[in-house]
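Written out below as structure tokens is the structure these notes cover.
No value in this document is a laboratory result; all are computed from the given coordinates. Treat the numbers as computed from the prediction; the structure is a model and nothing was measured. Methodologically, a virtual Cβ is constructed for each residue, glycine included, from the backbone with ideal geometry; neighbour enumeration extends over all protein chains shown.
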Protein chains: 2
Amino acid sequence: MTIQRKVIWNALKAAGKTHPNAETIYRLAKEELPHISMGTVYRNLSDMSAKGEILRIPVMDGPDRFDWDISRHDHAVCRVCGRLFDLPAGVTYIPDRCVPKGCRLLDTQLLLQCICTECEEST
Amino acid sequence: MTIQRKVIWNALKAAGKTHPNAETIYRLAKEELPHISMGTVYRNLSDMSAKGEILRIPVMDGPDRFDWDISRHDHAVCRVCGRLFDLPAGVTYIPDRCVPKGCRLLDTQLLLQCICTECEEST
DNA sequence: CAAAAATTAGGAATAATTCCTGTTATTATT
DNA sequence: AATAATAACAGGAATTATTCCTAATTTTTG
């Protein structure tokens, strides 16, 4: 593993539960490695998510978000502030009969659309 | 409703279950209205999906997809060919206790990642 | 039918992401 | 350890996806 990938991973992990986008991870990684480039960040994030080492979460109206936590869980996104919240595991259960015939199921991703408490209150 | 919106809607509906992206809808709409512009297509699709008249489905590695069918159902996307398949309703059931406290739930969207029969066979 | 409001075409602008190239670092091989 | 082969990098250009802007046109309303 290269130093850059390690730094990117650490940045993602350091972001905790904020589910940062590539831009944010880039800024964090840059603090450690001022010469790191956006291309490197995207390439590594893409590689890692392709390998299942991290989660990549596409959301409406914004850039993809990332999560270091690959344990089985889903997310809710606030349509107002855009923050992503973790849901507990086991929200979804996919009965076999629901998977299109012959399809090999690789992964499931559920994204709830919600308005979070803070945003609800500030209206 | 403007003629453009009607044409866009018809194009989406004509695309059937193919879950076209904005580009494809644009091409279809253009056959009816050669002067229609991409901006108009995006604006109308965005408006309609904001109003809940159509579905907008963000997917990894590609542009958003649209669906005229707003009945409660979810989708599976093939990671190889990118096609989107409809799932029957009732795949997901979200227990209240899973929604982050205080959040107002607006919508749920589940996207299964799979490899479809055709792509599986052609390997 | 005229005034007001909304929507359009067309294209520029922005955002998100990938791709390219020459260089550097890492790994494998003698 | 030196060399060759492979992989990854920085930097920036290019591409893709989407939004935004403006003047012109269409639609709605009183």
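A few comments on the model shown:
- Note on segment A:3-67: Rg/Rh from C-alpha atoms, Kirkwood Rh, equals 0.93.
- Computed over segment A:1-112, the quotient of the alpha carbon radius of gyration and 2.2 N^0.38 Å is 1.17.
- Computed label-point distance, nm, for sites B:Y42 and A:E53 using a 7 Å Cα→Cβ extension: 3.4
- Applying 0.36 nm per residue to the separation of B:H73 and B:K17 and subtracting their alpha-carbon distance, the gain on full extension is 18.9 nm.
- Chain A: angle of helix A:22-32 to the longest principal axis, Cα-based, in degrees nearest 10: 30
- Whole-Å distance, taken between Cα centres, linking segment A:1-56 and segment A:60-101: 20
- Positive-end ranking of A:S49, A:Y26, A:W68 along the dipole of chain A, with charges on Cβ about the Cα centre, is headed by A:S49.
- Partner chain coverage, peptide A:4-15 - average Cβ within 10 angstrom: 0
- Under 5 Å, built H, 5+ apart or other chain: amide partners of A:Q113: A:V77, B:L106, B:D107, B:T108, B:Q109
- Likely footprinting exposure, A:I94, B:I8, fewest C-beta neighbours within 10 Å first: A:I94, B:I8
- Assigned charges on the beta-carbon of Lys, Arg, Asp, Glu; the protein assembly as shown dipole about Cα centre (debye): 120
- The protein assembly as shown: antiparallel DSSP beta bridges as a percent of all, rounded to 5: 75
- Between B:R97 and A:S122, the C-beta separation translates, for a Förster distance of 22 Å, into a calculated FRET efficiency of about 0.30.
- Plainly put, the tip 7 Å out from Cα toward Cβ on B:R27 is 3.9 nm from that tip on each other copy, the closest given first.
- Inter-chain neighbour count for B:95-102: the average number of beta-carbon atoms from partner chains within 10 Å of each residue's beta-carbon is 5.
- A point 7 Å from Cα along Cα→Cβ stands in for A:G52, and the other copies hold the same point at 3.7 nm, listed in rising order.
- Residue mean of other protein chain beta carbons inside 10 Å, A:84-93: 4
- For chain B: lysine pairs under 28 Å (alpha-carbon distance), excluding those fewer than 8 apart on one chain: 9
- Sorted shortest first, the distances from the A:P88 label point to those of the same residue in the other copies are 2.8 nm; each point sits 7 Å from Cα along Cα-to-Cβ.
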